[in-house]
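One structure is given here, and the rest of the page talks about it.
The values are calculated or read from the model by the stated rules, or taken from the named source; none is laboratory data. What you see is a predicted model; the values in this text were computed from it and never measured. As a convention, Cβ positions derive from the backbone with ideal geometry for all residues, glycine included, and neighbour counts pool all protein chains shown.
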Amino acid sequence: MSIIRKVQITAFGDESKLAIVESDLPDPKPREVQLAVDLSIVSGSDVNMRRGTYPFQRKAPLTPGYTVLGRVLLNGKGASTFRVGERVVCLSKYEGQAERINLPERFLARVPDGIDLKAAVALPLDWVTAYQMLHRAAKIKSGQTIFIHGLSGGVGGSLLQLAKLQGAEVFGTASPSKHDELSRRGATSFDYKSKDWISIMQQRGGADAVFDPLGYESFDQSFSILRKGGILVAYGMNLPAVTKTARRPALPVILKLLARNLFFWTGKRTTFYGLTRNSKHFKPDLEQLFALLQSGSISVPIKATFKLDEIQQAHREYASSAGTGSIILEIGS
Ligand SMILES: NC(=O)c1ccc[n+]([C@@H]2O[C@H](COP(=O)([O-])OP(=O)(O)OC[C@H]3O[C@@H](n4cnc5c(N)ncnc54)[C@H](OP(=O)(O)O)[C@@H]3O)[C@@H](O)[C@H]2O)c1
């Protein structure tokens with residue numbers, strides 16, 4: 001048993017509901033590994049968990065932390081894959097924003113030598129999500145046209161790089177201050193505050209795939225720019241969080257999204273993508289991303305880095321429109 005410091009969402013609400021608390025951590029159970037956490041990330045999922053709007057989430061008080069990178073401290077009974085001191089990453093979903101965490105050994109992945117650690121901790125959530133949506137859900141091929149909401153975001157920015165690698169033509173939305181940078185990265189950007197992109201994309205003949213984390217009316221708008229044979233890959237209900245508006249029921253919106261598949265004669269499809277570490281594809285896809293990072297084929301933009309004690313500021317930064325990429329939380333050395 002050890003005593004650790006960790007982030008706690010004490011109750012659902014604004015950034016003031018985030019605290020650092022002390023807590024007991026038991027020794028790892030059989031086939032679990034205890035990690036000393038070096039880095040975690042702060043993502044849209046954490047912000048939704050703080051607001052109490054993340055699908056099927058735990059009740060408060062809870063500790064978020066969707067991804068961890070850490071060193072092996074203790075192997076539970078029967079766990080022998082990793083040596084003490086080895087660096088690993090894991091999709092943890094909860095309890096990652098803590099000094100230590102116990103995780104099932106089978107979900108850990110070794111961090112290859114020489115990899116930038118901040119880049120490595122962004123891969124399991126933002127990049128595996130983007131990789132699987134692009135290659136497994138939409139199966140994008142060279143020359144196809146795609147539209148990405150939030151090109152400047154953690155997942156959106158990863159989608160942009162992976163889609164360019166694949167040879168796709170990329171359009172999407174972002175704040176105007178980021179359009180020049182996104183243009184250098186190969187995307188044509190539109191301001192999400194104006195809806196010009198709808199008519200412009202329709203006039204261009206539409207998109208083969210649209211990636212939408214916003215939900216609600218955005219799903220209807222995204223569907224309207226699909227060309228025949230195209231797919232809408234929905235993956236979040238982030239609109240109330242980014243517009244700081246009240247929560248709204250999600251289920252009817254998701255049912256409507258999926259019911260669109262009944263109208264097969266439109267030639268358009270929809271799906272709601274969900275990342276899970278239980279998928280047989282999770283580890284191979286993560287390893288593929290490590291290989292792309294090692295070869296320099298991708299680079300991981302980091303929007304900001306915060307210390308554990310700065311967790312409230314990290315959540316405020318999420319809502320600000322400065323910078324692009326993932327937000328890192330530094331916990332250990
Ligand atoms: N289904 C899954 O498996 C899965 C996996 C990962 C993430 N997610 C979900 O994906 C969502 C995005 O997560 P993330 O961490 O990638 O977020 P993020 O990096 O913070 O991105 C947020 C984006 O929203 C944009 N934005 C801000 N205000 C907006 C507005 N009014 N309208 C439209 N866009 C606006 C921002 O653009 P600017 O910065 O340019 O202003 C930014 O690009 C979250 O809901 C998360 O839960 C789902």
The correct count of residues that are of a type in the set (Phe, Trp, Tyr) and touching a residue at least 60 places away in the same chain (Cβ under 8 Å) in the stretch 187-227 is 1
Of the candidates ILE101, ILE140, the one satisfying the condition of being in a loop (DSSP other than H, G, I, E, B), more than 16 Å from the ligand (Cβ to nearest atom) and surrounded by 21 or more Cβ atoms within 10 Å (Cβ to Cβ) is ILE140
From the option list GLN161, GLN202, GLN221, single residue qualifying as part of a helix (DSSP H, G or I), under 30 Å from ALA120 (Cβ atoms) and either out of contact with any strand residue (DSSP E or B) (no Cβ under 7 Å at 6 or more places or on another chain) or at pLDDT 95 or above (or both) is GLN161
Taking the stretch 244-260 and the residues there that are part of a helix (DSSP H, G or I) and touching a helix residue (DSSP H, G or I) at 6+ places or on another chain (Cβ under 8 Å), the one that is surrounded by the fewest Cβ atoms within 10 Å (Cβ to Cβ) would be LYS256
Picked from the stretch 57-73 (must be of a type outside the set (Ser, Thr, Tyr) and under 17 Å from the mean Cα position of the chain (by Cα)), the residue surrounded by the most Cβ atoms within 10 Å (Cβ to Cβ) is PRO64
Answer yes if at least one residue in the stretch 214-226 is away from the ligand (no atom under 13 Å from the Cβ), out of contact with any Leu (no Cβ under 6 Å at 6 or more places or on another chain), under 25 Å from LYS256 (Cβ atoms) and of a type outside the set (A, V, I, L, M, F, W, C), and no otherwise.
-> yes
If we keep only residues of the stretch 262-281 that are within 15 Å of PHE219 (Cβ to Cβ) and in a loop (DSSP other than H, G, I, E, B), then the residue farthest from the ligand (Cβ to nearest atom) is PHE263
TRP197 vs (1) assigned by TED's automatic domain parsing to the domain that holds PRO176; (2) within 22 Å of the chain's Cα centre (by Cα); (3) closer than 24 Å to ASP126 by Cβ: all pass except (2)
From the option list VAL84, VAL88, single residue qualifying as among the aliphatic types (A, V, I, L, M), over 19 Å from the mean Cα position of the chain (by Cα) and not assigned by TED's automatic domain parsing to the domain that holds LEU251 is VAL84
Those residues of the stretch 306-327 which are in a strand (DSSP E or B) and either aromatic (Phe, Trp, Tyr) or at pLDDT below 95 (or both) amount to PHE306, SER326, ILE327
